[in-house]
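K.L.:
Please read through the structure below; I'll follow up with questions.
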Amino acid sequence: VLQTMKTETETWKTRCARSQAETDNMRKRAAHDVTKARQFGTQRLIESMLPVLDSLEKGVENCTETVTAHELSAPLAEGLKLTFNLLIETLEKEGVKRIHPLHEPFDPHFHEAISTEDGGKHPAKTVTQVLQTGYALNGRSIRPALVMVAK
C-alpha cells in the first residue's frame, strides 16, 4: 500500500511539474505574441501607404527639377519636401526604415535585383541604381528596394 501511494505521489508530482511548465510556456508565447503584435501590427497600414510615399517621393524629385525653370513653384516644392520629410519622420518613429541602397553591396533580404549592368567603377554585386525605394519595419523587409546591380 505504501509503495502504491509513493508511485501515485510521484505520478502526481510529474503531472503537476508538466502542467506548470506548460503554463509557463503558454505565458511566454503570449508575451511573445503581444510583442510581435506591437512591432508589426501596423504593417498592413504601412504597406497600404507605400504608394502614397512613392508618389510624394516622385513629386519631390520632379518639383526639384522644375523649380530651377519656374521660381514661382519654389514654395510648392518646399511644402512638398516638408510634407514628405514629416511623413518619413513619423513612420521612422514607428519603426519604419527606408531602404535606398545606392552604391551599397546587394543584400537579397532587403533588395530585389531587376537586372544587372556593367558596373564600371563599381565592384561586382554593388547596387548601381535604385528604381524603387524599399521599406523595412523593425528590421523586417516589408517591401524590398528594386535595384540594378553591377556584374
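K.L.:
If you take the residues of the stretch 106-119 that are open to solvent by less than 60 Å² (accessible area, probe 1.4 Å) and part of a strand (DSSP E or B), which of them is nearest to Lys36 (Cα to Cα)?
P.N.:
His111
K.L.:
Within the stretch 47-64, count every residue that is of a type in the set (A, V, I, L, M, F, W, C), modelled with pLDDT of 90 or more and more than 17 Å from the chain's Cα centre (by Cα).
P.N.:
Total satisfying the criteria: 1.
K.L.:
Six or more apart or on different chains, Cβ atoms under 6 Å: show the pairs whose first residue is in the stretch 85-105 and open to solvent by less than 70 Å² (accessible area, probe 1.4 Å) and whose second is in a loop (DSSP other than H, G, I, E, B).
P.N.:
Close Cβ pairs satisfying both conditions: Gly95/Asn138; Ile99/Phe110.
K.L.:
Kindly provide the set of residues from the stretch 120-151 that are over 15 Å from Leu50 (Cβ atoms), surrounded by fewer than 16 Cβ atoms within 10 Å (Cβ to Cβ) and of a type outside the set (A, V, I, L, M), ordered by number.
P.N.:
Gly120, Lys121, His122, Pro123, Lys125, Gln129, Asn138, Gly139, Lys151
K.L.:
Among (1) open to solvent by 80 Å² or more (accessible area, probe 1.4 Å); (2) in a helix (DSSP H, G or I); (3) modelled with pLDDT of 90 or more; (4) not acidic (Asp, Glu), there is one condition Leu72 misses while meeting the rest; what is its number?
P.N.:
(3)
K.L.:
Since Leu80 meets every condition but one in (1) of a type outside the set (Phe, Trp, Tyr); (2) at pLDDT 90 or above; (3) in contact with a helix residue (DSSP H, G or I) (Cβ under 7 Å, 6 or more places away or on another chain), which condition does it not meet?
P.N.:
The failed condition is (2).
K.L.:
Let me ask something else about it. Starting from residues that are of a type in the set (Asp, Glu) and over 19 Å from the mean Cα position of the chain (by Cα), keep the ones in the stretch 16-46 and report whichever is least open to solvent (accessible area, probe 1.4 Å).
P.N.:
Asp24
The values are calculated or read from the model by the stated rules, or taken from the named source; none is laboratory data. Remember, predicted model here, so these are calculated numbers, not experimental data. Because the Cβ atoms are built from the backbone with ideal geometry, glycine has one as well, and the counts that use them run over all protein chains shown. Please note that ligands, DNA and RNA were not included when accessible areas were found on the heavy atoms of the full protein model with its side chains. Shrake-Rupley method; radii C 1.70, N 1.55, O 1.52, S 1.80 Å.
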